Structure formats: structure tokens, C-alpha cells
Protein chains: 2
Amino acid sequence: MAKKKMHLVGFMINSPMCHSISSWTHPRDRVGYKWTEPEVWQEVARTLERGKFDALFLADVMAPFGKYKNRMDEALRYALQFPTHDPLVLIPTMSVVTEHLGFAATASTTYNDPYTLARRFSTLDHLTKGRIGWNIVTSIQTNEARNFGQQEMPSHDVRYARAREFLEVCNKLWSSWEPDAVVMDKENQIFTDPTKVKAINHKGIFFDVAGPLCCAPSPQGRPVIIQAGASEQGRDYAAQHAEYVFGLQLNTAGMRAFSDDIRKRAVKKFGRKPEEVKIMYGIQVILGHTEAEARAKQKMMADLVPFEGAMAILSGHLNFDWSEYDLDAPLENIKTEGVQGILDAMIGMIGGEKALTLREAALMHGRSVSMPQVMGTAEQVADQMETMMDEGGGNGFQITPTYIPGSFQELVDGLVPVLQKRGLHREEYTGKTLRDHLREY
Amino acid sequence: MAKKKMHLVGFMINSPMCHSISSWTHPRDRVGYKWTEPEVWQEVARTLERGKFDALFLADVMAPFGKYKNRMDEALRYALQFPTHDPLVLIPTMSVVTEHLGFAATASTTYNDPYTLARRFSTLDHLTKGRIGWNIVTSIQTNEARNFGQQEMPSHDVRYARAREFLEVCNKLWSSWEPDAVVMDKENQIFTDPTKVKAINHKGIFFDVAGPLCCAPSPQGRPVIIQAGASEQGRDYAAQHAEYVFGLQLNTAGMRAFSDDIRKRAVKKFGRKPEEVKIMYGIQVILGHTEAEARAKQKMMADLVPFEGAMAILSGHLNFDWSEYDLDAPLENIKTEGVQGILDAMIGMIGGEKALTLREAALMHGRSVSMPQVMGTAEQVADQMETMMDEGGGNGFQITPTYIPGSFQELVDGLVPVLQKRGLHREEYTGKTLRDHLREY
């Protein structure tokens, strides 16, 4: 039996750090200093394309984490995904130096409007020649709401209701031109056939949008839709709409449960085929020429994680201040007084290890932000990834780097050839668009 | 006396046509077909940089013109600045292949929010290494409002009140980091000094924004502020805030009156120095090796202008349907029945020529959208530009191309050397940023 090939995606954020909060302080990191300029990003993109990755995925947040001790000092000092520059204008700097690599950008339906965003993604789909994806988020922290005229985030229900209508409007806009509407007939002076473009006249709860979109039909028609929902509504949203689901699970049991749940929802609730939903799990790869070298690298990185920074990003990701809680009691013994749900979410994020203390949980989260570390030689890492695929039921991996661009270069030079040799990763791109790559296997 | 040097800016829109509505049908035009892809834009940018232009300026609209006959058929058929793709994501495709050329992008304060836009321009300032400018508009047509939840545009007063507060919020955000806030001290794990970044806590009529901005201080600190206001409030806004005013005047008398008025407002009302406000006038250059050749090119282009398209863009720019009016009576005889103000605006747009008919006015507007055509050999064009500078009191020109990229290439190869020889245009860039270029003379 032919082995199941993996999709591989690079995972970053337009910020001096990625998802290991010490990354910018690593002696071999270059992005920490140069992340504001295009050259280092172009190098990352070229590297991932050389490794035949499906895409580079960019996360996003629009405010410093400020829950921990009700201040943003730690977010600033430790560069906790902050500063965070706009991901959408970064992509064209990379797409013009690559031909195949896809690009996925995060944009919030809570703090954008559908006309502008549908237009921007359509333009990006043109400029990248069909290589754009949209990671739909509803945002998670109070400090973002406060940059957009609100004291608190809208409720989870309201955010998801808005997200559903938002995508409905975008889909109408992307369909407002028939694919052959653009004629470009110079002789008869007909650029667009007016009979093939229609207003959408959407009137909803959150949005009234007349349309049509002001963009010609783009190579993919619409961006690849990506979602990372973990809640009930988030999973339904992903199962209904996503072509690509980004999953965060710390172990293969969690992956398997998540994979089965998403596919079941997609098939039973929304009548989709299971292969229409690709599930990628976030991992952090630490590669060494020997296991000992990899282990030393892992330890060095762990030692670089600042405890206060770890507490601040944990509090930020959970939108809850953990500074007043006992650091050294096991999580299962913490008196939660009405915040059991948030504690449960934290325990979920760290793979259900409720015997860990809050201190240990924070440091673990600070190392790789709830993504499993896969460590060892290329052969060992390939073994683990293969097992994760088989047992976890995913379609591939979204890999967060440790130091940049070095750790991606190591992956491409060290791990990718091993995966290719095992028949687990493409030798060449067979398609042109991001959707082509995702549908290849 | 040393002659006054001119600033030169290329003027386009992310659309198959520019400001000559027949441009895409010109036999020598390439953008009409290839405008969705980055390559032709990169060629334009390289050409303008070779000609030592200050910048490429991108206009924007976010809906098809739909006033004429209350339909969008003409806008679609004749590609009347439509489709129009997002200008902000286009810029990085060009900035990465140039080193000095500035980029100015139009964005509306009526249909954006200040946090997102301040962040996007800051990111662009980083990615371009200090070469970004923001052309602030308040939008002009009903069809745009209808894409953003409104049946009609907000009133002129409301739009300008919002524009004032919008820029106030952006300025606070761009000042929310002290210039030396980013430390990047790996050893002590201090990326940003938390004492040097402050919330802004803006509470206003239109916006409540906590801040700080999520961007590190950018090379220029903030984008170059550009404005093209023609109304009373627009002129005050430009005189108060703009570093660069884009003026549309069909003759030197109009230019002189506008230049004097803007500078007087800047100095008397807002205490600025006259040299802090650069005024660029839109022109269209038609160059020939002989005057006869230029004249033939001008005629050929004029003949390509479709009358219905011209009526539709005229109606669109004035946000008023002129389809029911007498086409062949002089404008001064048109019975206006309560729309005298709009008729006066049209007469102003065509240089006060009220003896023209509506038909003639529309065709004239369709040729170069209220920009004077400057036609002849390079020497003749240079003469006319020099006269316009002297008599009109501007600081330079924003030049709209006819066919693309050819007409820019002709300018750079034919006209620029003549201007340089006369000491009217820079031989080399002396600065690095767009603001440097504007302040050079």
C-alpha cells in the first residue's frame, strides 16, 4: 500500500518571535532583528519552496497580551507575538520571489468588514497567481476589542454568528462575477460583459452589502478557507466551511479525537466528503545530527524561556489572569471559583496533564504554545511524524520554527529528503495553486 | 537664479484603465490585459525609478460608478476605473524591486477603521524602508456607501469630521512608541522597553481606541500625508495636515489660485511654513518626436474615448446622473433646477469653459479626467511644464499615463533628460525615504 503523503506548512507570525517565546533570543535567530524588512521573509519563503512545502501560514493578533497582572509589560519586554505587523501586506514581498508556495493569512471577522476583506483576498489571489488562503478567526482577547471601540469582546455566540454571516457575504461577493465575465475585447470596447456581473444586495443582521465585488474573478475564485476552531461552534464552522483545519493537540490521542470529530461533523452535518477537509496539526521540530544534539538544542531553547513571559502568554491565550493562583500546586488542585472552564481549557492545551503545576504548564506553553515538540535525528523525527499521521488521523503538519530562518533550512536540508525517500512528501509540485497542493493527496 | 526643480510622480490606479478612459483599448497598452499580475507593475516601478520620480501614486474607488442612468453597465463595459483591486497589497510587489521610488496609496477614512489602517501603513513603511505615503480621501460616491452598510454617503460635514478624528487617532497611534523603544537586547531578554510604549486611550465621537499600536516605530515614523481636497473643508484639511497636496486644475490660472489658497491657509490658519506643503498638479503628457506626431497621438486617443463611458465617469465623479440633460446646449444654458452647485463643480472641473456643451464636457473629462493634456516634443512639453510651475505656483506634477507602460518609458527616456539638462529634475536621488524626496527641494 502506498503510504499517505503529508502536507507540510510553515507556521509563523509577522513578529520578532514565533510560537516559541524565546525564539528571538536564540543565538542563531535572525528574524528577531530583521523581521520588519522583506529580505529575511523572502529567504524563508524560498527555503520552504525549496522543501516543496504547501504553504507558509501567518498567525495574527492585533494588540499586546494584557491580561497577566492587567498590564502589557511582559508582552512588550519578551516580544510575546508583539509587535505584530500586518500579515496581508507582507505576503506579496514573498509571493513575487516564489512560484509554487502557498500563503495563508489570518484575518478576523470580528474586526474587519466583509467588502474590504473579500476585495483584499481577491487581489492577493491575483497577485500570488492563485496561492492565497484565509485563516478565519474570531479573535480571542480583550485588548483587541479595545482597539476597535469595544470595552469587552463580543460574546462567543455573537462572534460566531458574525463570522458565519461574514463568510456568507464574502462568498456572495466572490460569486458576483461569472468566471468568464471579463472579455477584454479592445475592438468593440468591451472590457467586462455587464450581463455577467450582479449586485448581491445582501441584507443581514450584521451586514448590508450591495456588491458586486470590485475585483475580476481570481485564479482560485476565492481563497482557500482555513479555520482553527476548537469550541463547539468553532468545530462546526470548520467542518462546514474549511478546506484546511489547523489543529492544536499535544498528543496523538487528542489528534485522533479531533480528526474524527471534524470529519464526522463535515460528513454527517454538512454533507461534505471527508477528503474535502484537510487537517494539519501544529508541531515544533527540533532536529539534530544525533539524538544527543537534538536533546541539547531542546534544552537550550527551554532554558531561554522567561517564566514571566510564559505566564503572560498563557494568560493572554486564555484571556484570563493567572497571576494570583498558586504556581506550585498541581492544576487539578487549583481552586477555580467559577473559572473551571478556563482551567479545563488550559489543561486541554497542555495535553490533559493535570498533575503539572501552573508553573510547569506556563513554561511548557511558553516553549511551543501547545504544539508537541518532535525531537531527534531526521530519521527519528520522520518516524514520529509518520506515527502521528497514522494514529492522529491528520493530513499533515504546520511546523513552527525555533530559530529563523535556520531551523527551516535544517528541515528542508535534513528532514525533507528523508520524508521524500519514504514516499511521505512530494518530490515536485504537481499543481500551481494552493488549492491544487491541498488536493494533490 | 537656480531654477525651481519639479517633483514628478506617476499616477495610476490598480485597474485596467488609468485616468484616460480609453487607455486599456490603446493598441500599445499592456496594463489593460496584465494589470492583475505583479510583473507589469514591477516594470512601471522600475521605469519610474530609472526616471528618478519621487513616487508612484495609486488612486482608489471601492465600487463601480453607478449614477449614470442609475446602472453600472457603462462602468463595467468600459472599465471605468473598474474593476479596481486593492492598492495596499500591490505596493510590496513593486517596493521589493526598487530602492528609492516612493509609493502613495489612497485609503478612505469613511470606510476604514483607524487601528487597522494605521497598522497597515506602518507595516508598509517598514517593508518599503520608509517609502510610503497615504492619500487620505473621504470617498465620493453612493455605490461605495452601499458596500458598507449605508444607503447614502454620510454628509460632507460628517465625512470630514470623521476624517479629522481618524487622522488624530492614527497620529496618536504612530506616536505611541518612543522612537528608541525597541531595544532588542538578547542577553537581558528585553525586546521592547515597556516604559517607552503607552496606551493612547482615545475616546472621541467616532472612535474609541486604547492602543498602543502593534507596530514598532517605522523608518518614517508615519506615512507621508497626502490630500486632494477641493472643497472648503477639504482645503483646510490639506492645509493643516498634508505634506503633499494633489491638485486638479485645468489651467495655470486655476493652479495659481489653488496654490495661493492652500499656502495661505497653511500659514495663516495653521502656522505652517509654506515649504512644508508640496503641491503637485495632475497632468497628462503626450509626447512625440515631432509636434505633428504628438498631435496625431492625442487625436487617436481622443477618438478612442467612448461617449457613453465619458458620460458615466463624469456622472460618477460628480455623483449625479447627467443622462437626462440636453447634451448639445452650452453648459451655461442648462436649466439646473436645484443642482446649480453640481453644474458649477463640473464647469470648474473643465477649466471654467461654460460655453462647452455637456457632450463636449463629457468627452473632455473622459480623455484625461480633468487633468490638462501637455502635448508636443520633449522640449515643448518641458517648456509648458516650466511655465505651469512658474505661473501655477505648484511644486511638481502627478503624471497620468496614456498607454502603459509605454508612455512612462517615453517620459523617462525622452522628457526626463530634457528636464535634467535644464536643471528642473534631479539627476540622482539624494535621500532614501519618500519624505526625503519631497523635502529635497
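Values as computed for the structure displayed
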item	result
Gaussian network model of chain A, springs between alpha carbon atoms under 10 Å - residue of A:217, A:83, A:330 with greatest fluctuation	A:330
Ranked A:101, B:411, A:356, criterion: other C-beta atoms within 10 Å, fewest first	A:356, B:411, A:101
Candidate aspartates and glutamates for bridging to residue A:421, where Cα separation is under 19 Å - those fewer than 8 sequence places away on the same chain excluded	A:49, A:54, A:379, A:383, A:386, A:390, A:410, A:413, A:440
Volume of the Cα convex hull of chain A, divided per residue and given in Å³	152 Å³
Of A:5/A:172; A:129/B:52; A:198/B:67, pairs whose Cα-Cα distance is over 26 Å	A:5/A:172; A:129/B:52
Overall dimensions of segment B:341-384 by Cα: Rg and Dmax, Å	12.7, 40
Across the identical copies, how the residue A:203 labels are spaced - nm, sorted shortest first, 7 Å along Cα→Cβ	3.7
Per-q log10 I(q)/I(0), segment B:1-117, q = 0.20 Å⁻¹ (Debye; single scatterer per alpha-carbon; no solvent)	-1.14
Label distances, nm, residue A:180 versus same residue in remaining copies, Cβ-directed 7 Å point	6.6
Counting all C-alpha pairs of segment A:220-298, share separated by more than 16 Å (%)	55 percent
Modelled FRET efficiency - R0 25 Å, residue B:180 with residue A:112, Cβ distances, 0.05 increments	0.15
Other-copy label distances relative to residue A:34, 7 angstrom Cα-Cβ extension, nm	3.0
Hits among aspartates and glutamates - C-alpha to C-alpha of residue A:69 under 16 Å, sequence gap 8 or more where chains match	A:308, A:321, A:324, A:326
DSSP-assigned coil residues among GluC sites (Glu not before Pro) in segment A:118-190, each with at most 11 further Cβ atoms within 10 Å	A:152, A:187
GluC sites (Glu not before Pro) restricted to DSSP loop in segment A:383-430 with at most 13 other C-beta within 10 Å	A:427, A:428
Relative contact order %, chain A, counting alpha carbon pairs below 8 Å whose residues are six or more apart	24 percent
Chain B: calculated mean residue ellipticity at 222 nm from DSSP helix runs of at least 4, using -39500 (n - 2.57)	-11000 deg cm²/dmol
Segment B:7-439: antiparallel DSSP beta bridges as a percent of all, rounded to 5	15 percent
Beta carbon of chain A nearest to the axis of the rotation taking A to B, residue and angstrom distance	A:92, 2
For segment B:90-137 versus segment A:151-196, the gap between their alpha-carbon centres in whole angstrom	24 Å
For the protein assembly as shown, the spread of Cα positions along each principal axis, largest first, Å	88, 54, 49
Residues residue B:303 and residue A:345, FRET efficiency given R0 of 45 Å [Cβ-Cβ distance, rounded to 0.05]	0.05
Those aspartates and glutamates that a straight Cα-Cα span of less than 13 Å connects to residue A:34, excepting residues fewer than 8 apart in one chain	A:43
Derived scalar couplings ³J(HN,Hα) [segment A:25-31; Karplus, 6.51 cos²θ - 1.76 cosθ + 1.60; whole Hz; x for Gly, Pro]	8, 5, x, 9, 7, 10, 5
Cα-centre dipole for segment A:190-275 with unit charges at Cβ (Lys and Arg positive, Asp and Glu negative), debye to 20	260 debye
Debye, to nearest 20: dipole size of the protein assembly as shown, +1 on Lys, Arg Cβ, -1 on Asp, Glu Cβ	40 debye
Residues with amide H under 5 Å from that of residue A:10, placed H, sequence gap 5 or more	A:55, A:56, A:57, A:399
Per-residue Cβ neighbour rank within 10 angstrom, fewest leading, B:180, B:383	B:180, B:383
Segment B:21-76 versus segment A:257-325: alpha-carbon centroid distance in Å	44 Å
Residues B:375, B:62, sorted so that the one with the fewest Cβ neighbours within 10 Å comes first	B:375, B:62
Under the span-like rule (Cα at least 15 Å along the axis, Kyte-Doolittle mean at least 0.5), DSSP H helices of chain B	B:307-318
Estimated distance in nm for a label pair at residue A:37 and residue B:273, the labels positioned 7 Å out from Cα along Cα-to-Cβ	3.1 nm
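Rule-based calculations on the coordinates, nothing more; no lab input. This is a predicted model, so every value here is computed, not measured. Neighbour counts run over all protein chains shown; Cβ positions are idealised from the backbone, glycine included.
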